[in-house]
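Computed from the coordinates by the stated procedures, all read-outs in this text should not be read as laboratory data. Everything quoted here is computed from the prediction, not taken from an experiment. Note: ideal-geometry Cβ built from the backbone for every residue, glycine included; neighbour counts use all protein chains shown.
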Amino acid sequence: MIVDVVFWFLAVLAVFSAWRVFRTDSMVRAAYWLLISFVGVGFIMVMLKAEFLGVILILMMGGEMTIMAVFMVMFMMNPAGLNPMIMVHQNRAAMAAGFGSFGLLSAVGLFARFPASVVPPRAQATAELGTELLGDSMLVFQTAGVTLLAAMIGAVALVSVRGRFGRADEGSDAPEQQPAAAAAAAPGPTVSDATAAAEPAPDVAGEDMPADHAHGDAR
Amino acid sequence: MVAEALSTAGLAIAVVAVLLGGTYIAAVLDVVFTRLTMRIAVRPLAAAALPLRRAAQLALQRRTLTERPDAGTWALAPAVLGALAAVSLAVVPLTGTVIAVKADTGIVVFAAAMALVVVAVYLQGWSPNSPLSLVAAYRFVAEGLSYEIPFAVVLIGTALPARSLALVPIVTSQEHLWNVVRQPLGLPIYLVTVLALGFWGPLSLPEGQDVAGGTSVELSGVPRLLWRVAQLNVLVAVSAMGAAVFLGGWLGPWLPGGVWMALKTLFLLALLVASRQYFARVRTESFVVVAWTILTPLALVDVFMAGIQAMVAAR
């Protein structure tokens with residue numbers, strides 16, 4: 001009885017929040033509605049005795065959805081994701097894909113033969129999962145894991161030590177906007193012109209030559 | 001059935017009582033450490049009353065309004081943060097038998113709840129529709145992505161000797177030697193990462209003076225009170241978890257288990273609270289670089305060492 005109530009609450013929560021993802025007008029809200037949907041699914045997995053998988057889904061999605069929101073904001077021309085925007089595009093293709101995948105999944109649900117065995121109340125689901133991951137399927141998962149770890153270390157090495165614009169922790173200027181030579185030379189000629197006008201000393205003019213030259217290049 | 005429901009209700013009340021009691025103690029400790037470092041005489045009664053007076057003041061204060069905030073999310077953010085702290089405290093065994101949620105994957109539940117702290121703080125900064133608050137929210141995302149991996153990895157290290165993800169076996173596995181000795185890198189890394197997680201003291205990056213208070217710049221009155229309470233709730237929860245997985249939880253001679261657990265939790269809580277007075281606030285960039293290039297490799301060393309020890313012990 002209580003199990004049914006909790007299941008239906010979570011199921012409705014997951015579907016409702018998934019629907020809200022497409023009806024909201026903000027990238028951040030869309031990302032976190034999706035997170036709520038994942039949390040609902042995660043709790044349903046916990047109810048299905050897949051405790052570890054359900055909790056790890058919530059753990060992962062907390063970070064994932066935040067990263068997704070940040071990346072969406074970075075890629076869209078929408079300062080900080082504060083302006084309202086329409087979250088659906090290419091409506092016909094999206095509707096076809098949506099109805100198509102819904103039909104396929106419904107067909108699987110209706111026509112597939114699911115095992116009818118009842119999970120024993122003290123099933124060690126987490127231990128069994130661990131045995132599977134480090135037993136028969138070890139090669140697959142360890143290969144994927146080491147590949148991901150290498151990618152992660154590579155990404156850290158790329159961004160943290162030295163980027164294209166200098167060390168990541170020292171701040172940097174975007175290049176090419178003001179060439180260094182012109183920036184250094186710009187105040188030079190005005191000062192030297194004034195100096196030259198005030199006191200036309202021959203040795204000063206010699207020193208000013210390179211600066212004037214650079215100024216001429218910049219023009 | 002009735003007895004079971006009653007004991008569940010009792011455990012829920014115990015969790016809330018520990019959370020709120022710990023929060024009050026943390027607030028008092030903060031007053032005491034502030035006065036000690038400022039060389040002001042600490043009068044116990046005044047120090048005990050000050051947090052309550054401040055709370056009453058905030059409760060009566062008018063709340064700040066901003067232009068077109070996301071009002072619902074803004075109101076929910078402190079509730080989410082406090083609820084996450086309560087969930088993480090619920091899986092911590094307070095004594096050998098008093099544990100609110102006996103989850104087989106207790107330490108993963110704790111890590112999952114603490115991973116969602118980033119969401120709560122980000123939404124707190126994002127929802128008032130205010131520039132400095134928003135800057136601080138993005139700053140906390142950078143901080144969160146950086147501390148999350150060393151934080152989770154040192155927690156995994158404590159589960160290895162126990163050969164279990166449940167917290168009672170993790171505590172009992174420390175019967176002969178606490179994890180703080182067995183895994184010397186674990187507790188220091190944990191303490192640094194939970195300071196960042198609770199955005200407290202030297203790592204209160206989203207609430208720094210350089211962003212005028214950041215995520216709390218638009219907070220006053222009851223919302224500010226709730227946000228502060230929720231923040232201290234997080235510190236209490238992580239202290240209790242630190243005491244359980246690194247300092248042997250309820251294990252200890254002479255005194256009853258609950259007293260040992262309370263003493264260890266208070267010790268870690270005092271360390272965390274005092275850090276605000278004794279360490280300067282760190283810049284976000286420095287923290288991110290240190291987290292990725294020093295803390296993460298050290299955490300991996302910690303977990304490899306724990307794995308080798310567990311393998312040798314299993315022989």
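At-a-glance table
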{"quantity": "Phi-based couplings in Hz for region A:103-110 (Karplus 6.51, -1.76, 1.60; Gly and Pro marked x)", "calculated": "x, 4, 5, 5, 4, 4, x, 7"}
{"quantity": "Relative packing of B:288-294, B:309-315, B:123-129, B:97-103, which averages over residues the other C-beta atoms within 10 Å, highest first", "calculated": "B:123-129, B:288-294, B:97-103, B:309-315"}
{"quantity": "Ranking of A:K49, B:K264 by count of other Cβ atoms within 10 Å, fewest first", "calculated": "A:K49, B:K264"}
{"quantity": "Region B:77-83 - phi-based ³J(HN,Hα) in whole Hz, Karplus 6.51/-1.76/1.60, Gly and Pro as x", "calculated": "3, x, 5, 4, 4, x, 5"}
{"quantity": "In Å, descending, principal axis extents of the Cα set of region B:44-131", "calculated": "48, 39, 17"}
{"quantity": "Region B:181-190 - phi-based ³J(HN,Hα) in whole Hz, Karplus 6.51/-1.76/1.60, Gly and Pro as x", "calculated": "8, 5, 10, x, 7, x, 5, x, 5, 4"}
{"quantity": "Estimated FRET transfer efficiency (B:E4, B:A142; beta-carbon r; R0 51 Å; 0.05)", "calculated": "0.65"}
{"quantity": "Amide H partners (placed H, <5 Å) of B:N129, local residues excluded", "calculated": "B:D70"}
{"quantity": "Shape metrics for region B:134-226, restricted to C-alpha atoms - Rg then Dmax, Å", "calculated": "17.2, 50"}
{"quantity": "Chain B: C-alpha gyration tensor shape, a/c 1.5 cut-off, then a/b vs b/c", "calculated": "prolate"}
{"quantity": "5 angstrom amide H check on B:S204, placed H, neighbours 5+ away", "calculated": "B:V282"}
{"quantity": "Projected label distance in nm at A:M76 and B:R43, using a 7 Å step from Cα toward the beta-carbon", "calculated": "5.6"}
{"quantity": "Equivalent ellipsoid semi-axes - Cα gyration tensor, region B:159-315, angstrom", "calculated": "32, 20, 12"}
{"quantity": "Over the protein assembly as shown, equivalent-ellipsoid semi-axes from the Cα gyration tensor in Å", "calculated": "46, 32, 27"}
{"quantity": "Cα pair distances in region A:1-83, grouped into 10 Å bins until the bin that holds the longest one, percent each", "calculated": "19, 42, 27, 10, 2"}
{"quantity": "Neighbour net charge for A:F52 - beta-carbon separation under 13 angstrom, K R +1, D E -1", "calculated": "-3"}
{"quantity": "Amide proton proximity set for B:G96, modelled H, under 5 Å, gap of 5+", "calculated": "none"}
{"quantity": "Label point distance in nm, A:S101-A:F22, each placed 7 Å from Cα along Cα→Cβ", "calculated": "1.0"}
